[in-house]
Each structure stands twice: as structure tokens, then as C-alpha cells.
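For reference, the structure discussed in these notes is given below.
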Amino acid sequence: MARRYDSSTTTFSPEGRLHQVEYAIEAINNAGTSVGILAKDGVVMASEKKITSGLLAKARTSEKTYKLCPHATCSVAGLTADANILIDQARLRAARYAYQYQEPIPLESLVEHVCNYKQAYTQYGGLRPFGVAFLFAGYDEAHGFQLYQSDPSGNYSGWKATVIGANNQAGKSLLKTEYGVSKKKDGDDEMKTEDDVPALTDAVIEMPDVAEACRLAVKVLNKTMDGAVASAEKLELFTMSLDEDGNCVHKILTEEEAKAVIAEVEAESASAGDT
Amino acid sequence: MYQRNLDKIAELSSHSAMGVSGPNCDLVNFSEYISKNLKLYELSNDGMKLSTHAQANFCRGELAKALRKGPFQVNVILGGYDAKTPTGGSLYVMDYLGSCVKANFGVQGYASKFCLSIMDRDWEEGMNEEQAVNLVEHCIKELQLRFLINQSNFIVKVIDKEGVRTLKFGADPVDN
């Protein structure tokens, strides 16, 4: 019976659900994980690169992180082929806005455009939804650094820190306890269970800087990758910050730099275990 | 029959306005087209306003787009105040061909032949509102003394951090 409502995305099931859209969202929950963390002086995104075969030639360009315009970058979880279409749309929108107004597009405007495009594929006949979730990191004059998440349904939301892809629940719960409180709680949080941690309000949260956010992102990936220790070749770390002229600097960390961050995280967790 | 008190300075957003010169049909059509499009932008972007720079470039783009189809025969002076930029106020002068420059002063129309030289001599860096209004009035006075065409009515608008306000009408403020 359910099959009757599976094939067409435009039809509601008797329970009032759109199965195809839900399946697409579910598909992403098995894709390579991406973490995004807002820092006080930038944004950090970290992604898990799934290594399919040792024989596969190493990609020369990034497979998870794509620059959209001078002030926005996105990280992909899901079908890369689908993502490419949406990335093209986002780049086109950003460039057209800059051409029309001679000014960078506000980040939310860009995210909204991509999401409207996604939404259309959940409503018009004969189409399947995009099997992609994005993290958008960006900067604009009005709201500073921002982080957005989007899913195949066309919904989007802004976050201080979030996870998409496989094991995102575990990742989110780690972020909930560690984002902005990791420093202050150092040493005395061992006995605490999750319930004891005060609810995160703006007053409690002290935003990390980019370096701290990088370490937290690696920690989260360590957790979502099911105990398989995150190694430099299995993850991609991206940072965005401003230089002294106020221009956005996008950076994908090299393997050596990523290794250094991973080493710091390991040292941190080892010393935490001693006390 | 001529209307002597048409307001040719269209308010584009809370902190910007555009003076337009040209045939009445294009003048009204173009200033409404631009101001309504900018209003549409505000409505579809959660009340976010474009900067004066963006508004001027949008306006310029529309003039350039129309040029190869059916041009708007209008020349424009667009001014605005941005709280975020250190200088605050800015002024852009553009013509119907789609060229646009950021300037310290601007005059469009026949009267520019008289007024530009006055502005060029008397404009100074860091003028306050009163000095700027005096400069404008100097130009008007000079026009009424020397210009072939009798122009009795001028409307003066000021844009500052409070927004756009009409400073004075001409002698005949009917309809305004």
C-alpha cells in the first residue's frame, strides 16, 4: 500500500507525508559526516572523506567543500552529483547578485535561493528531490559570520554549531555539551552526566576561536566515525576568517596542518584522562 | 499647460532619494520603477535595505539594460545615507546612457551649465548641512538671475541619519 505513494513525490500519503522527501533525508543520514562550527573570528567546517578504494587516484580538488563566492563556502553531505547542480545554481546566484548590485550577496539570501530550488523538486511532477544536505559558511556586512544547514526538503536553519550526515545525532549531542563551555568546565565535568549541563543559552555560551573550533570539529568527527580514529587523510578541515583588510580568507587545511590539529586533540583527551 | 510644482525627487527607501530630470513620462515611469523595485527587495529580504552604493548600481544597470531596447530618457542624481559606512552620506550621478560616478555634487538638466561651475568653486570638503543648503540656494538664485527659462519653484530635500525630509518647497506648494 505504501508503495503507491513512494513513486511520486508530489503526492501526499494518507498519513500526510511525502515519502520520497523523507527517504532523501534518510539517505543523507548515511552519507559522510560534515560538522560546522561558528567561531567568534570565523567559521570552521570539517568533513569526513569516505575512502572507497585504495586504488582510487587521489582527487586533486576538494570533494566535500566548495567555494561559492568570495564570502561563502558550502560543505556537502549526500550525492556529490546532485550537489554539483545546486552548487552551480548558488554560484550563478551569487555572481548575478554581485553583477546587479556591485555588492556581495547577503548569505541568507543565497541559502534561500538554493533552498527554493531544492523545494521545487519536491513539488513538481516527474522529479526526484536532491539527495543533498549542505552546510553553508559565510560572512556578510549585516550579520557577520554565519552558519546554515539545509536538507532535501528545502528547509534551512541557522546554527552556532551543527552536524549533518552519518551519526549526526551523536555529533550534535557532543556539540551541545562542549560548544562554548569546554574551557570553563575543564577538569570538573567528569562526574557530570548530560542532564547536569545547564541548558545552553546565549549567556552561557562563550564562542570559541577558530583554532578551538577546529579541535572541537575533529572531536565531533572522531565520535561520528564510530571509534575509527579520524586521520588526516580521512577528513577535510575548512576554515573561514577575515584578514586585516576585512576580506574573507578561505582555507582548506593541508594534511600536515590537519595532522597537527588531530595531534592536539589527542593530547587534550589524553591529559583529560589523567586527572 | 505646465505643472509648476511636480516633485521630481523620488524617495527610494527610508534613507535615500533620487532626483530625476527628463521628459515627464519617462521621469515618472523610471522613478516609480526603481523605487518600487527597491521596495520589493526590502519586502522579500526581511526588511533589509540595500546600501546607497547597491541602489545606485541597480539603477545604473536598469538604465544600461534599457539603453538597447527603449531607453529611459532620464538623467539621475541619487543620494543616500548609510549608518554603516564611515562617511555616511554618498551621492551618485548618472546619465541615460548608463554611466555612473560617485561625486561630491551633481546637477542634471539645462541648469547644470550654470550650476556646475558654481558648485565646483564653492563646494568644500566637510561642509555641514547649512552650508550645503546655502550652496544650493546660491545656485537657484544665480539661475533666476541669468537663466533664459523662468523657474520659480524648487523643492529642496535633505537626507541624513534621520532619513529623508523636505526642507522647503518653492513659492507654490500646492499638491505637495
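Shown here for segment B:1-44: trypsin sites (Lys or Arg not before Pro) in loop regions (DSSP other than H, G, I, E, B) with at most 15 other Cβ atoms within 10 Å, namely B:ARG4.
Cβ distances below 4.7 Å define possible disulfide partners, and in chain B the cysteines left without one are B:CYS25, B:CYS59, B:CYS100. Cross-link check: pairs B:LYS102/B:LYS161; B:LYS113/B:LYS157; B:LYS8/B:LYS113 evaluated at a Cα-Cα cut-off of 30 Å; no pair lies beyond the cut-off.
Annotation: amide H of B:SER13 has no partner in the under-5 Å range at sequence separation 5 or more or interchain, hydrogens built in the peptide plane. Of all stretches in chain A that contain no GluC sites (Glu not before Pro) in a DSSP loop with at most 10 other Cβ atoms within 10 Å, the longest one is A:16-189.
Length gained on full extension, A:GLN100 to A:GLU233, computed as 0.36 nm times the residue gap minus the Cα-Cα distance: 43.8 nm. Once each of the GluC sites (Glu not before Pro) sitting in a DSSP loop with at most 10 other beta-carbon atoms within 10 Å is removed, chain B keeps B:1-123 as its longest stretch. Summed over qualifying helices (DSSP H, 4 residues or more, each -39500 (n - 2.57)) and divided by its residue number, chain A shows a 222 nm mean residue ellipticity of -11000 deg cm²/dmol. Amide H of A:ASP41: which non-local residues (sequence gap of 5 or more, or other chain) have their own amide H closer than 5 Å, using H built in the peptide plane? HN-HN under 5 Å from A:ASP41: A:VAL210. Amide H contacts of A:GLY131 (H built 1.01 Å from N, in plane; Pro and chain starts excluded): A:LEU79 sit under 5 Å, all sequence-distant by 5 or more or on other chains. Averaging the sequence gap over all C-alpha pairs within less than 8 Å and six or more residues apart, then dividing by the number of residues, gives chain A a relative contact order of 25 percent.
Shown here for segment A:63-144: chymotrypsin sites (Phe, Trp or Tyr not before Pro) in loop regions (DSSP other than H, G, I, E, B) with at most 14 other Cβ atoms within 10 Å, namely A:TYR124. Sequence-ordered 3J(HN,Hα) estimates for segment A:250-263 from the Karplus curve with 6.51, -1.76 and 1.60 and θ = phi - 60° stand at 9, 8, 9, 5, 6, 4, 5, 5, 4, 4, 4, 5, 4, 4 Hz, glycine and proline given as x. Based on protein heavy atoms only, the protein assembly as shown ends up with 55 Å² per residue of surface accessible to a 1.4 Å probe. Specify whether the C-alpha gyration tensor of the protein assembly as shown places it in the rounded, prolate or oblate class, a ≥ b ≥ c being the square roots of the eigenvalues: rounded for a/c under 1.5, otherwise prolate if a/b is larger than b/c and oblate if not. Prolate, because a/c is 1.5 or more and a/b exceeds b/c.
Report, to the nearest whole %, how much of the accessible area of the protein assembly as shown belongs to carbon and sulfur atoms, 1.4 Å probe, protein only. Roughly 52 percent of what the probe reaches on the protein assembly as shown is carbon or sulfur.
Label-to-label distance, B:LYS65 versus A:GLU255, with points set 7 angstrom from Cα along the beta-carbon direction: 4.9 nm. Heavy-atom accessible surface of A:LYS234, to the nearest 10 Å², is about 60 Å², with a 1.4 Å probe and all protein chains retained.
Computed per residue of chain B from DSSP H runs no shorter than four, each worth -39500 (n - 2.57), the mean residue ellipticity at 222 nm is -12500 deg cm²/dmol. Would you mind classifying segment A:1-137 by shape? Square roots of the alpha carbon gyration tensor eigenvalues, ordered a ≥ b ≥ c; an a/c under 1.5 is rounded, otherwise it is prolate if a/b is larger than b/c and oblate if not. Verdict is oblate for segment A:1-137. Using θ = phi - 60° in the Karplus curve 6.51 cos²θ - 1.76 cosθ + 1.60, the 3J(HN,Hα) couplings for segment B:136-151 round to 4, 5, 4, 4, 4, 4, 5, 4, 5, 7, 10, 6, 4, 8, 7, 10 Hz; x is entered for Gly and Pro.
Could you rank A:THR122, A:THR254 by how accessible they are, 1.4 Å probe, largest area first?
Details: A:THR122 15, A:THR254 65 Å².
Of A:THR122, A:THR254, the descending order of accessible area is A:THR254, A:THR122.
In straight Cα distance, which lysines are under 27 Å from A:LYS58, not counting same-chain residues fewer than 8 positions off? Of all the lysines, those that pass the test against A:LYS58 - Cα under 27 Å, at least 8 places apart if same chain - are A:LYS49, A:LYS50, A:LYS67, A:LYS219, A:LYS223, A:LYS234, A:LYS251, A:LYS259.
The values are calculated or read from the model by the stated rules, or taken from the named source; none is laboratory data. The model shown is predicted, which means the values in this text are computed figures rather than measured ones. Ideal geometry is used to build each Cβ from the backbone, glycine not excepted, and the neighbour counts take in all protein chains shown. Accessible surface areas use protein heavy atoms only, side chains included; no ligands, DNA or RNA. Shrake-Rupley method; radii C 1.70, N 1.55, O 1.52, S 1.80 Å.
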